[in-house]
Amino acid sequence: MASEFEHTPSSRSPLHRLRKSIAVRCLAGLVVYAALLALVLWGINRASENLFDSAFPSMETVLTYADDLEHDRFDALQTQALEHCRIVIFDGDGTRLYASSARAAEKIHASDLDLISEYNEQSFYEVFQESTVDGLHYRIVQCTYSLEDGFTKRITAWCELDENLTVVAGDLFADRGALTQREFDFLQGVYSAQMSVERVSYQTVDGEERILVLAAPLVSDIRYQQVIDEANRLPLLATPAALVITIGCAWYLVGVAKRATRPLDRAINAYRRGDEQVDAATDVPTELVPIYDNFTDLMDELREAREDSQRIIANISHDLKTPLTVIYGYAQAFRDGRVPPEKEQDYHRFIGEKALAASELIDTLFAYA
């Protein structure tokens, strides 16, 4: 009788082996799990960065809208991240093109641009306080970094102010004669007691010059600690997401393990039902192919043994029936008195021989059992 179980093909394509591999499936699940956790962590970091950017906006925050600035899309600056800032933009001729508020337009003028340090430090001011015989003086130096190495600081102009902010020496601001307190604060990068000020120059896509002035809130210890506390609470908000991802990964791995044993379960149930065929070989995971093959081989051996047993029992039953029939016939003849006296000895001998043959057949059956 032909084998009833379909065996796993001895040769599978590499792609098929990879697709049916438990290790590959588990590794894929773990890779997805790690990627999702990394995505959650990235989201937390981005949320923290956005939190700090919103709480402490700077010129870097403004420059994230560089593409909008280059196209003069100033409405893009009206965002929550910059809501506490004051921004004014001038063209190359000093004409104001944009102001984030009326207060900003009122306090920042084109004539103030040469008093405000550049964000990229192409031109910036340093203020030093000196005590002289004439009282308190301020020395202001206009600096830039060398274009050759980018590290060497060069002084391009300087001036000295008395305590009334009148220019008493130097070539810097000589045309002004004196500075107001607001202008002096601008030189030090101060817009107000709570805000700093700086500017940046850039060009539009059409090559037109633009100058952007930013007044941003200063960082206070109290506000900084508040933001730190808020940032520390972000991982707690991400805990449910990480828990859901972990549960999902565990459920997937359990499913992989269950699916791996289904082909073998189908083969066992098919054998139990006595089905002639079971189509499970192609679904067997690569790692379980030897186990499945061993099982199907064992089932084939057991089936052959069962068939041999049935055949032997049938043969013995047939062979046992013949002597028993002879014994029964002679016994019936003795009972009916149809045996001639001269044949009684022969009949007795035949009965004994057939009984011995039947006994030998029964011994053979017991030995086989």
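Of the residues making up the range 106-122, those that are in contact with a strand residue (DSSP E or B) (Cβ under 7 Å, 6 or more places away or on another chain) and either exposed (fewer than 14 other Cβ atoms within 10 Å of the Cβ) or under 16 Å from Arg210 (Cβ atoms) (or both) are Ile108, Ala110, Leu113, Ile116, Glu118, Tyr119, Asn120, Glu121, Gln122. If you go through the range 108-126 and pick out every residue that is part of a loop (DSSP other than H, G, I, E, B) and either touching a Lys or Arg at 6+ places or on another chain (Cβ under 6 Å) or of a type in the set (A, V, I, L, M) (or both), you end up with 2.
Is it the case that Ile245 is on the phi < 0 side of the Ramachandran plot, under 37 Å from the mean Cα position of the chain (by Cα) and surrounded by fewer than 17 Cβ atoms within 10 Å (Cβ to Cβ)? No. Considering the range 33-49, the residues that are open to solvent by 70 Å² or more (accessible area, probe 1.4 Å) and modelled with pLDDT under 90 include one that is nearest to Ile247 (Cα to Cα), namely Leu41. Residues that are assigned to a helix (DSSP H, G or I) and within 21 Å of Ser196 (Cβ to Cβ) within the range 64-105 comprise Ala66, Leu69, Leu77, Gln80, Ala81, Leu82, Ala102, Arg103, Ala104, Ala105, listed in sequence order.
The values are calculated or read from the model by the stated rules, or taken from the named source; none is laboratory data. In this text the structure is predicted, and so the values were computed from the model without any measurement. Positions of Cβ are generated from backbone atoms using ideal geometry, with glycine treated the same way; all protein chains shown enter the neighbour counts. The protein model used for the area step is the full one, side chains on, heavy atoms only, and it has no ligands, DNA or RNA in it. Shrake-Rupley method; radii C 1.70, N 1.55, O 1.52, S 1.80 Å.
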